[in-house]
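The values are calculated or read from the model by the stated rules, or taken from the named source; none is laboratory data. Note that the structure is predicted; figures quoted are calculated from it, not measured. Because the Cβ atoms are built from the backbone with ideal geometry, glycine has one as well, and the counts that use them run over all protein chains shown. For the accessible areas, the whole protein counts, side chains as well, though only heavy atoms, and no ligand, DNA or RNA atoms are used. Shrake-Rupley method; radii C 1.70, N 1.55, O 1.52, S 1.80 Å.
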Amino acid sequence: MGETNTVHSPLVTYASMLSLLCLCPPFVILLWYTMVHADGSISQTWDYLKQHGLQGFIEIWPRPTATAWKIIACYGAFEAALQLLLPGKRVEGPISPTGNRPVYKANGMAAYFVTLATYVSLWWFGIFNPTIVYDHLGEIFSALIFGSFIFCILLYIKGHLAPSSTDSGSSGNAIIDFYWGMELYPRIGKNFDIKVFTNCRFGMMSWAVLAVTYCIKQYEVNGTVADSMLVNTILMLVYVTKFFWWEAGYWNTMDIAHDRAGFYICWGCLVWVPSIYTSPGMYLVNHPVNLGTQLALFILVAGILCIYINYDCDRQRQEFRRTNGKCLVWGKAPSKIVASYTTTSGETKTSLLLTSGWWGLSRHFHYVPEISAAFFWTVPALFNHVTIYV
């Protein structure tokens, strides 16, 4: 890995890393508390903290319980088993900086459908009620915060003592190594890829599972599901379905091919994704909104269109790179830029950048429909509280 070059001064770099390490965990708890116990109101949460101070914050932070640990353990073990045991096509990732090419088993879509079918069936047949997950949500998030932190410490130790490949190394700074990670492709044994598990099978899968959980909880409480909750749940499920449909493409992105397995990516996927990304549905459980058929359908169709455009953006770029630019984009030969760059080892390489199709509209255009989709699965909660749009 060698010496780490930072964009900002070392002081700014360390301050930003330490602030995220210290502030992200309490933010997760405060957002959960605000959505579930303070009606989504920042001012209500702020008034409570102003009145009770640090002791009040300590009191609202749920203690991890045996129930929370059991739910996490069962879910994690189930997803790990699906990742290992379900059949899937052999997929090769991009060649790493040290010349390694990771190999994956593309069974994410199968794992996704098995997970949702199993979860809904357990509820339908009265074996397990998902409302238990919602009722213990704060304890689950608390357990995830601490458990994932320990998990990242173990990744740090593994990177030092037993790296899975030559795509590993230390920057010489313990804080940077813990935050950014040491291994690019950490594995347990030959076949269990840790980043595929944390990012895809635990993090993204939990997004879908919790979206369904909130929907079921509202049904159990009110005897019906509001159209706002239906729109929110459907759009989130469509987005996660798109992700697993495209999962092999995700393995070529920065998250997998560049970002090492540390606090930044692993803790983020294990904790931030299930707690923050699902928060609109968390709020809607106790605050159903009746949108009306026309408005609900408009939001739903607009959201699905944004998700499709986001998918098509990634598809265009992936096909362009796969064919080395020898493909059609919107029925025409693509325009491109041949960019050269120098690696950390001093080697000069070239890369093709697509500048037509969606990518001709703006740089990183794929973020536009993605952010728009997030707006459309959040807007069913309307605009009573800005917290919902975090």
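Evaluated with a Cβ-only charge set (Lys, Arg +1; Asp, Glu -1), the chain carries a dipole of roughly 1120 debye about its Cα centre, given to the nearest 20.
Computing Rg and the Kirkwood Rh from the Cα coordinates of the range 208-254 gives a ratio, Rg/Rh, of 1.17.
Projected label points at Glu347 and Val12, each 7 Å from Cα along the beta carbon direction, are separated by 3.1 nanometres. Between Trp330 and Lys190, the distance separating the two model label sites (each 7 Å from Cα on the Cα→Cβ line) works out to 4.7 nm. Taking a quarter of the surface of the convex hull around the Cα atoms of the chain, what do you get in nm²? Hull-based average projected area comes out at 21.3 nm².
Straight-line cross-link reach from Lys89 at under 29 Å between alpha-carbon atoms covers these lysines, not counting any fewer than eight positions away in the same chain: Lys105, Lys158, Lys190, Lys195, Lys242, Lys326.
When the P(r) of the range 86-179 is calculated, the portion above 20 Å amounts to 66% of the C-alpha pairs. With a cut-off of 14 Å between beta carbons, the residues surrounding Ser362 carry a summed charge of +1, where Lys and Arg count +1 and Asp and Glu -1.
In Å², and per residue, what accessible area does the range 1-137 have when probed at 1.4 Å with the other protein chains present?
Working: 7960 Å² over 137 residues.
Spelled out: the 1.4 Å probe surface of the range 1-137, per residue, equals 58 Å².
Rounded to the nearest 10 degrees, the angle from helix 10-37 to the longest Cα principal axis of the chain is 30 degrees. The value obtained for the range 214-330, namely the Cα convex hull volume divided by the number of residues, is 110 Å³ per residue.
Averaging 1/r over each pair of different alpha-carbon atoms in the range 263-390 and inverting the result gives 17.7 Å, the Kirkwood hydrodynamic radius.
To the nearest ten degrees, helix 227-245 and the longest principal axis of the Cα atoms of the chain are 20 degrees apart. So, in nm, how far is label Arg322 from label Ser19 when the simple model puts each one 7 Å beyond its Cα toward the Cβ? The two pseudo-label positions are separated by 4.1 nm. Against the main long axis of the alpha-carbon atoms of the chain, helix 66-85 sits at an angle near 40°.
The distance separating the Cα centre of the range 189-244 from that of the range 263-338 comes to 14 Å. Summed over the residues of the range 227-355 and divided among them, the accessible surface reaches 48 Å² per residue at a probe radius of 1.4 Å. Ligands, DNA and RNA left out, the accessible area of the range 1-139 computed with a 1.4 Å probe is 68% carbon and sulfur.
Find how much the distance from Ser41 to Val221 grows on full extension, using 0.36 nm per residue of separation minus their present alpha carbon separation; answer in nm with one decimal. If you can, show how the numbers build up before the last one.
Working: separation 180, 0.36 × 180 = 64.80 nm, distance 2.15 nm.
That works out to 62.6 nm of additional length.
Taking each DSSP H run with n ≥ 4 as -39500 (n - 2.57) and averaging over every residue of the chain yields -18000 deg cm²/dmol at 222 nm. Out of every Cα pair in the range 133-192, what percent are spaced more than 20 Å from each other? I get 37 percent for the Cα pairs in the range 133-192 exceeding 20 Å.
Using alpha carbons only, the radius of gyration of the range 257-296 set against its Kirkwood radius gives Rg/Rh = 1.28.
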